[in-house]
Amino acid sequence: MNFSRNRRTLLNTLLTSAMLVASPALAQEAETAADTSNDEIIVTAQKRSESMQSVPISIVALGEKKLDQLNVTNFNDYTKLLPSVSFQTTQPGFTTVYIRGVASGGDGNHSGSLPSVGVYLDEQPVTTIGGTLDVHIYDIARIEALAGPQGTLYGASSEAGTIRIISNRPDASAFSGGIDAEVNTVSKGGVGGKLEGFVNVPLGSSAAIRLVGWYQHDAGYVDNVLGTRTFLPQPGGLAVTNTGFVKKNYNEAEIIGGRAALKVDLDDNWTVTGSAFGQSQKSKGSFGTDPSVGDLKVQHFGQEDNKDRFVQGALTIEGKLGNWDVTYAGAYMDRRRTTHNDYTDYAEAYDSLYASYGGLSTYFYFQDGAGNTILPTQRIEGSDHFKKTSQELRISSPADKRFRVTAGLFYQRQFNRIHQDYKVTGLGPQVSVNGFTGTLWLTQQDRVDKDYAAFGEASFDVTDKLSVTGGLRAFKYDNSLIGFFGFGRNPAGGYTATPFNGAGSSRTGVAKCFTTDGLVIFDRDNPANTSPTKILIPGVVPGSPCTNLGVFANGKVVPKATKGDGLSHRLTLNYKATDDILVYTTWSRGFRPGGINRRASIAPYAPDYLTNFELGFKTSWADGKFRLNGALYQQNWKAFQFAFLGANSFTEIHNGPDAMIRGLELDMAFNARNGLTLSGTAAFTDAKIRNNLCGYDQASFACTGFGPDGKPNYVSAAKGTRLPITPKFKGTFQARYEWDMGGGKANVQGVATYSGSASSDLRTLIVDSLGNNKNPAALQGNLHSWTTVDFGLGYDWGQFSVGLYIDNAFDKRAELSRFVQCGQCFSRPYVVTNTPRTFGLRVGIDF
């Protein structure tokens, strides 16, 4: 698939399509599957098709009609509407999602913890580490957000909840199709737009194919402005300017993709659906803004872009054995992500940190081939190559029986080849990673995560009103990591060689690589482990000079691995007081596997577990005009996995203390039947740690004594500190009014979203490598509260539609994430904001 397109041609196409489609009539959104409060919403949260009001789970479902009305096209659009969902992001494709406050911050690294929220596309999991798949939302039947542990039916990465994206399936009953186009302009930014279309073609009476395609250009709105940075040593210093990279609307993005599905009814009982899904997302510039430079501005000094491409092939077979339903769901996904990032801010921060040593260039031997001191500015060339295979086989007894069972087997294997090349212009071979001139630091690793599970749930109707459901999932995981990370080093030279190509450190890199005698090149902490032969074993992972992350066994280096097994459970009691009132209580448990730290000297991290106690209700009133659902819960998060940027801004994962999360969720909808519909969601979340988080791991959480490096332990976050990222309150309110006009139907709508403030970092104290005390939470800054309002106006006439919208009508800066480049320096925190005020025109035709 060739994803390259000419942007000007696209924009002309969008405008032409808009005029052609709009000419017959004025309208807004095409009518699709109904999901207003008086229409029954069918979901498959429990692996069965059933009414949302009958499912004893806290679930918010966004149907096709609402997705279209609210112009939802991506991850940020729909998570804004989900009350208990929060996330961290740095740029498109690098987003980690959380539900119900199960967030410790610092997540999302490609060698970090597995996600705590599972994401499914139809029957297949598309959860990947390092960033939630940003599936383009078009021709989607619904999105289901399941809050709380879903560890019985959905497994390892559904510890806190699950998000399910359900696409429209091929339909053999009739031919149909549609084309939608949009053009928009962003305040203080550029012009964007999209072109989308689908066609459903019957292939006889028992088969159909559905083809979907889209192209979207997102306008940039962040400016890269002129600037200069000066580095030690003095006098004079070393200076760099960004003249060649100054640009307005720096952060453009383009998304192109398609989906094809073929559904064949083999007979009255068996159906086979095969699908292929591909998408390419290309973005430029920085999506984090630097408040010290100005509103929606940065000052960067190198190439910055990101490409996120994935393809997935999936097969679903559904049928019956007797009166039991049988489902097989298998998929293979290949995702390639490449990045180029400017790392000048890191150099600036460390230059200040090492000022007493003459600056970063002096301390880390930034020299050219002739031994001259050079600028320490860096750039990152990185890539992740994910391969994911998943298979599930399950059976379900008849849904209309008093006793019902769902049981199955699950397997998945996730592979990621990690490449991170930290380049310095002019860096000489003596201070570069061996064989990689110009590379100061290299990460080249293979990560494999495997999961096996057997699961089952059984429900029994004690009476016609009272039911009980119990479920178990027995799981095993096997996670491994192998490869290289760190600086270079001359194997033949001693530690005192000048310059030794270790760039100031002998604790990582080639110095720690395995030799043929099973020892390492140099171990300053354990001299007996230093190799006398110094003959390196070639790198196990292609593209690496040698291997320092692994285990020496039988003359070769094998991956470091961690394995485990256990049980997750669910027990639910639900009472159907009337046909319109359901009350339930749930005791459930979710888990997340342990894993390997990519800094070899740090021990593997153990699994963490989340136990949920929940009381919920689902009600309908006034003949279905009014719906009110809610849940009150308490969650105990045991020994949660805590990730942070440690020395050299290298991600470390440790098991922290326990946390307790208490909260309330509400989901309301009202249809006055006179054209007015109101809906809203709200969530209150109180998430706090139950013990101290220590600077160095300590089982008692007293934070006393000394760490492994001999430094005194300390309280990094005191008992009772709020968990980061998730606000205490988040709410959304939507109002829409429709009326007949001129043979068609007009509409007007508004959406308001509020999110409270939250900390961006759990820690209130760290001690950097030079012994300085710092407060990350204060220095990185809080995520400030925000409110945004969107408006829409439109008209439908027959098969045509057109609409105008204003998103973020009052041009508010919603702070979505905060981050820093340097793990021990907080001089320049970045803020990722929402898109500024956007005016748009949408047009569409169904046929």
Only listed residue being more than 25 Å from the chain's Cα centre (by Cα) and aromatic (Phe, Trp, Tyr), chosen from Tyr328, Tyr346: Tyr328
Selection count, the stretch 773-788, where residues are open to solvent by less than 30 Å² (accessible area, probe 1.4 Å) and closer than 24 Å to Thr732 by Cβ: 2
Single condition Val557 does not satisfy, out of (1) crowded, with 19+ Cβ neighbours inside 10 Å; (2) under 15 Å from Pro149 (Cβ atoms); (3) more than 26 Å from the chain's Cα centre (by Cα): (2)
Scope the stretch 356-402; condition among the aliphatic types (A, V, I, L, M) and surrounded by 15 or more Cβ atoms within 10 Å (Cβ to Cβ); matching residues: Leu360, Ile374, Leu375, Ile380, Leu393, Ile395
Pair list, Cβ under 7 Å, 6 or more apart: the stretch 182-210 residue open to solvent by 40 Å² or more (accessible area, probe 1.4 Å), other residue at pLDDT below 95: Val191/Leu11; Leu195/Thr13; Leu195/Leu14; Leu195/Ser17
Ser352 being at pLDDT below 95, outside any strand (DSSP E or B) and open to solvent by 60 Å² or more (accessible area, probe 1.4 Å): yes
Answer residue from the stretch 429-487, given it is among the polar types (S, T, N, Q) and touching a helix residue (DSSP H, G or I) at 6+ places or on another chain (Cβ under 8 Å) and is nearest to Tyr343 (Cα to Cα) among those: Thr437
Residue match in the stretch 405-417 (condition: within 21 Å of Thr339 (Cβ to Cβ), open to solvent by 60 Å² or more (accessible area, probe 1.4 Å) and out of contact with any strand residue (DSSP E or B) (no Cβ under 6 Å at 6 or more places or on another chain)): no
Number of positions in the stretch 259-286 that are farther than 27 Å from Thr389 by Cα, open to solvent by 30 Å² or more (accessible area, probe 1.4 Å) and within 25 Å of the chain's Cα centre (by Cα): 1
Qualifying residue in the stretch 102-115 (condition: part of a strand (DSSP E or B), out of contact with any Asp or Glu (no Cβ under 9 Å at 6 or more places or on another chain) and crowded, with 23+ Cβ neighbours inside 10 Å): no
Strands (runs of 3 or more DSSP E) wholly inside the stretch 623-709 that include at least 2 residues being more than 23 Å from the chain's Cα centre (by Cα): 626-638, 659-671, 676-689
Search result, residues across the stretch 708-724 that are open to solvent by less than 10 Å² (accessible area, probe 1.4 Å) and not hydroxyl-bearing (Ser, Thr, Tyr): Ala717, Leu723, Pro724
2 or more residues within 26 Å of Ala777 (Cα to Cα) and open to solvent by 30 Å² or more (accessible area, probe 1.4 Å): qualifying strands (runs of 3 or more DSSP E) within the stretch 789-847: 815-819
Tyr609 vs. criteria open to solvent by less than 50 Å² (accessible area, probe 1.4 Å), over 16 Å from Leu466 (Cα atoms) and part of a strand (DSSP E or B): yes
Where a residue in the stretch 598-624 is farther than 18 Å from Thr578 by Cα and its partner, wherever it lies, is open to solvent by 40 Å² or more (accessible area, probe 1.4 Å) and of a type in the set (Phe, Trp, Tyr), with Cβ under 7 Å and at least six apart: Phe613/Trp587
Check on Asp761, part of a loop (DSSP other than H, G, I, E, B) and among the acidic types (Asp, Glu): yes
Which numbered condition Asn249 fails, given (1) open to solvent by less than 30 Å² (accessible area, probe 1.4 Å); (2) within 28 Å of the chain's Cα centre (by Cα): (1)
Inter-residue pairs, beta-carbon under 7 Å, first closer than 12 Å to Arg337 by Cα and in the stretch 374-388, second not in a strand (DSSP E or B), 6+ apart: Asp384/His110; Asp384/Gly130; Phe386/Thr128
Odd one out for Ile143 among (1) in contact with a helix residue (DSSP H, G or I) (Cβ under 6 Å, 6 or more places away or on another chain); (2) open to solvent by 10 Å² or more (accessible area, probe 1.4 Å): (2)
Filter pass, Lys512 being under 37 Å from the mean Cα position of the chain (by Cα) and closer than 20 Å to Phe487 by Cβ: yes
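The values are calculated or read from the model by the stated rules, or taken from the named source; none is laboratory data. Please read all numbers here as calculations on a predicted model, not as lab measurements. In this analysis, Cβ positions are derived from the backbone assuming ideal geometry, glycine residues included, and neighbour counts consider all displayed protein chains. Please note that ligands, DNA and RNA were not included when accessible areas were found on the heavy atoms of the full protein model with its side chains. Shrake-Rupley method; radii C 1.70, N 1.55, O 1.52, S 1.80 Å.
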